[in-house]
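Enquirer: One structure, as C-alpha cells, below. Some questions next.
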Amino acid sequence: MSPVPSGSPSSDRQLPPVIALRNITRTYKMGDSEVHALAGVSLVIERGEFVAIMGASGSGKSTMMNIIGCLDVPSSGRYWLDGVDVRGLDETRLARVRNRKIGFVFQSFNLIPRTSALANIELPMLYAGVHAKERRARALAALDLVGLSSRAGHMPSEMSGGQQQRVAVARALVTNPALILADEPTGNLDTHASDEVMNVFESLNRAGRTVVLITHEPDIAERTKRTVRLRDGLIISDENTTRGPRRAEMGAAR
Amino acid sequence: MTILLYMTTALRGLSANKLRSALTVLGMLIGVGAVILLVAVGNGSSIAVQSKIKALGTNTITITNRGRFGRGPATTGTQSQAATITAADIKTMSDPNQAPDILSVSPVLSASVTASYQDASTTVTVTATSPTYLPAEDYTVEAGRSIGSSDVASSAQVAVIGQTLLSNLYPAGANPIGTDIFVTEGKNEAQFQVIGVLAAKGSTTGVDPNNIAIIPYTTAEGLLTGYTNNFKQIIVEAKNSKDVNAAEAEASDILASANQTTVANLPFFVINEQSLLSTSASTTSTFTVLLGAVAAISLLVGGIGIMNIMLVTVTERTREIGIRKAIGAPRGAILGQFLTEAVLLSLFGGLAGVAVGLIGSRFKIVGVKPVATPTSVVEAFVVAVAVGVFFGFYPANRAASLRPVDALRYE
C-alpha cells in the first residue's frame, strides 16, 4: 500500500488513491538556464473524483498532465498511480501502465487519421492484447455510451469536432482505466460541442469513473467537483466546487 | 498485435500516400527486375556461346602446323627444321593400337578458290579432306551423300557443297546433285560432280562455315598449290568427350616422334575444343557476375529509396506515433508497424520485379535470348525483402524511440 501524503482528502475506502503525487518537481534545461515547470507539487486524487486542474499557460499544468499521464517522468518526488509507484518503471512498463490505467483525451482529439471511429476505439485494446471479438463488442458499447453508435464506420475526417472528441472519450474509457485524463478537452470545440463532451464526462463520473481535466476555462472547471489551481509550478488553491445537479442549461446558455 | 493487424495497419499507412508508395515500389521493382533480367541475359549469352562451340564439335582437336621448329633433341643451336604432318603420321594416329583414344584423323587442306556453275561464279573455300572430317566438324549431309573412302582411294572428282555455295551458284529450288561445278585456283582448273549438300551450320569465328566445298584430299593434288603431302592442318576426333585430352596427348606424341623432337618443341598450334568451351564458360560467367553486380547496385538504390520514404513517413506521422504511445503502444508495436510498412514496400517491389524480370526475359535483348535461372529469381526476391528489413529498421527504430511527450507536441 502506498503512503499517502499529508493533507489529502480523507478516504473511507480500502482502495489506494488513483493519483498520489508527493513533492513532484520537473526541471527543464533551456540553454544555460533551468526552468522549474513544477516546483514541488503534492496532490491526492481519490477514486471517483471529478477534478479540474486550472492554471494560466506557463503555470505548469501541461507538465503536470504529462507526469500524471506517465508521458514524462518527474525530476524528483514520487508518484503513485492507482497504488503503483511509477518511479523507475522502464519504457515498456510505462507503456503498459498508460494502456491499462489511463484513458487520454486530448485537446486536438488525436484520433488516428484514415481509421474508422470503431477502429480508433479498438486501438488501446489492440495493444492490450484483447481478442478481436471482445474488442469489437467493447468498442461498440463505448461508442454507444458516448451516443455515437451510428458513426462506427466513419473516418475522423467525416465527423465534427464534438463527435471526434466523443470518439476520443470512448477510446479513453474502453479499457476501463483507473483514470480518465483530459487535456483541454473542450479547447477546440464550440459551446454546444463542449457541452456535449462535458455531459459525457459528467455521466462517466456519475457512473463512478475518476476524471481529471486540465483546463483554463473557468466555466468548464465549474462543472467539476474539485478545482486545483496552479501558478508558477505550485498549487495555489484546492477547493471543492460541487454544486449539486448537472448544469447543462447553464453550459448551453453560455 | 498479430501479423495480420500489422499488415492491415501498414497497408492503410501506405495507401495514405499512394503515389509515393508506388514510386518507392517502382524503385525496388527496377532493382529486382534488373537483377533477374541481366543475369538472364548473361546466362543466355553463355548458353548461346557454348552451344555454338558445341556445334563446332567438342570432341575434336585441331592441329595446325606453324612451320619450323628450332631446338629439339635431334637438332642443335638455332638451326631450324620444317615440321611435317604426313600421310604416314595420319595412318599411325588412325591405328587404334597406337592411339586408342583417337576415333579418326582428317587431314585438312583448305584454299580459297573460284567456283562456277553455268554463268554463276563465286569465291568459296575448298576443303580437301577425308570422310571423317565431316562428323568431326559436325557437318551433316542434308541431301545426296558424303564423300566416302572409295572416293579418297580413287581420287574421285566429287564434292559436297555447303548451303551458302548452293545459294550463290544455283537458282533457288534447283537440285544440284549430279551437276558439275568448275573450281579454279590460279592456273589450275578442275571439274567436280556435286554428290551431296551439307546442312547449315553455326559459326563462332565470323567465317561462314557454309561457304564450303568438301572434296577428297587425294583429289587436291595438282589442283591446290599447297598440296605436298604435308598437311597444314589435321583434325583429330576423340572417341568421346572425356578422352579429348588423352587423344591430344597421343596425337602430339606421334607427331613429336615422327619429327624427332619433343611435344614441347612441336611447332604445332593445338586447339582443343573442350578447353575452348571451359574458357568461354568462365568468361561468360564473369560477364554474368558483372551484370548481376551492376543490377544489385540498383537494388541497393531501391533500398535507400525505401529508407528515405520511411524517414519522411515517420516524421509526418510523429503525432500519430505519439498518440499510439500515449494509449499504450509498446516500443515493439511501433517498430513492428513501421518495419512492416518498409517490408511491404520491398515485398511488392520484389514481386513486381520478379514478374517484370520473368516477362522481360521472354524477349530477345541485343540479340541474346535471356534464360532466367530460378536461383537468380529467388535470390533477387529474398535480397529485396532483406533490403526492406535492413533499410526499414532505422526509420522504424527512430519511430519507436520517440518520446511520447515530444511526439504528441509535434505539429
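Enquirer: Would you list the strands (runs of 3 or more DSSP E) that sit entirely within the range A:171-254 and hold 2 or more residues that are modelled with pLDDT of 90 or more, open to solvent by 70 Å² or more (accessible area, probe 1.4 Å) and closer than 19 Å to residue A:20 by Cα?
Expert: Details: elements: A:179-183, A:211-215, A:226-231, A:234-240.
Output list reads A:234-240.
Enquirer: Restricting the search to the range A:28-70, which residues are among the aliphatic types (A, V, I, L, M), open to solvent by 10 Å² or more (accessible area, probe 1.4 Å) and farther than 18 Å from residue A:239 by Cα? Show your work before the answer.
Expert: The first filter runs over the range A:28-70 and keeps only residues among the aliphatic types (A, V, I, L, M), leaving A:30, A:35, A:37-39, A:41, A:43-45, A:51-54, A:56, A:64-65, A:67-68.
After this cut, where a residue has to be open to solvent by 10 Å² or more (accessible area, probe 1.4 Å) as well, the list is A:30, A:35, A:37, A:39, A:54, A:56.
Matches in the range A:28-70: A:30, A:35, A:37, A:39.
Enquirer: To continue, here is another question. Which one of these is hydroxyl-bearing (Ser, Thr, Tyr), open to solvent by 30 Å² or more (accessible area, probe 1.4 Å) and in contact with an Asp or Glu (Cβ under 8 Å, 6 or more places away or on another chain): B:123, B:84, B:92, B:114?
Expert: Unique residue meeting the criteria: B:114.
Enquirer: Another one. Of all residues in the range B:351-370, how many are in a helix (DSSP H, G or I), within 23 Å of residue B:51 (Cβ to Cβ) and open to solvent by 30 Å² or more (accessible area, probe 1.4 Å)?
Expert: So the answer is 1.
Enquirer: Of the residues A:62, A:57, A:108, which single one is among the hydroxyl-bearing types (Ser, Thr, Tyr) and away from chain B (no Cβ under 12 Å)?
Expert: Working: A:62 fails: away from chain B (no Cβ under 12 Å); A:108 fails: away from chain B (no Cβ under 12 Å).
That would be A:57, the only listed residue that is among the hydroxyl-bearing types (Ser, Thr, Tyr) and away from chain B (no Cβ under 12 Å).
Enquirer: Moving on to the next point. Take the residues in the range A:97-120 that are surrounded by fewer than 24 Cβ atoms within 10 Å (Cβ to Cβ) and without any contact (Cβ under 8 Å) to a residue 40 or more places away in the chain, then tell me which one is farthest from residue A:181 (Cα to Cα).
Expert: Looking at residues that are surrounded by fewer than 24 Cβ atoms within 10 Å (Cβ to Cβ) and without any contact (Cβ under 8 Å) to a residue 40 or more places away in the chain, I get A:116.
Enquirer: Just one of the numbered conditions (1) open to solvent by less than 40 Å² (accessible area, probe 1.4 Å); (2) within 14 Å of chain A (Cβ to nearest Cβ); (3) of a type outside the set (S, T, N, Q) is not true of residue B:316; which one?
Expert: (1)
Enquirer: Looking at the range B:338-350, which of its residues are of a type in the set (Ser, Thr, Tyr) and open to solvent by 10 Å² or more (accessible area, probe 1.4 Å)? Don't jump to the end; show me each part of the working.
Expert: To start, the set of residues in the range B:338-350 that are of a type in the set (Ser, Thr, Tyr) comprises B:340, B:346.
Correct list: B:340 only.
Enquirer: Can you work out which of the residues in the range B:371-401 that are within 14 Å of chain A (Cβ to nearest Cβ) and surrounded by fewer than 21 Cβ atoms within 10 Å (Cβ to Cβ) is nearest to residue B:318 (Cα to Cα)?
Expert: Going residue by residue through the range B:371-401, those that are within 14 Å of chain A (Cβ to nearest Cβ) are B:397, B:399-401.
Remaining after also requiring surrounded by fewer than 21 Cβ atoms within 10 Å (Cβ to Cβ): B:397, B:401.
Numbers: B:397: 13, B:401: 11 Å.
Among those residues, the one meeting the criterion is B:401.
Enquirer: Do we have residue B:285 as surrounded by fewer than 21 Cβ atoms within 10 Å (Cβ to Cβ), away from chain A (no Cβ under 14 Å), farther than 29 Å from residue B:405 by Cβ and touching a Ser or Thr at 6+ places or on another chain (Cβ under 8 Å) here? Step through it out loud before you land on a result.
Expert: Details: surrounded by fewer than 21 Cβ atoms within 10 Å (Cβ to Cβ): yes; away from chain A (no Cβ under 14 Å): yes; farther than 29 Å from residue B:405 by Cβ: yes; touching a Ser or Thr at 6+ places or on another chain (Cβ under 8 Å): yes.
When the stated conditions are applied, residue B:285 passes them.
Enquirer: Moving to a separate point now. What residue, of A:148, A:123, A:140, is crowded, with 21+ Cβ neighbours inside 10 Å and more than 13 Å from chain B (Cβ to nearest Cβ)?
Expert: On the way: A:123 fails: more than 13 Å from chain B (Cβ to nearest Cβ); A:140 fails: crowded, with 21+ Cβ neighbours inside 10 Å.
Exactly one of A:148, A:123, A:140 is crowded, with 21+ Cβ neighbours inside 10 Å and more than 13 Å from chain B (Cβ to nearest Cβ), namely A:148.
Enquirer: Name the residue, out of B:89, B:119, B:151, that is out of contact with any Cys (no Cβ under 7 Å at 6 or more places or on another chain) and free of Cβ contacts under 8 Å to residues at least 24 places away in the same chain.
Expert: One residue alone meets the criteria, B:119.
The values are calculated or read from the model by the stated rules, or taken from the named source; none is laboratory data. Remember, it's a predicted structure, so these values are computed and weren't measured experimentally. Quick reminder, even Gly has a Cβ in these numbers, built from the backbone with ideal geometry, and neighbours come from all protein chains shown. Only protein heavy atoms, including side chains, enter the accessible area calculation; ligands, DNA and RNA are left aside. Shrake-Rupley method; radii C 1.70, N 1.55, O 1.52, S 1.80 Å.
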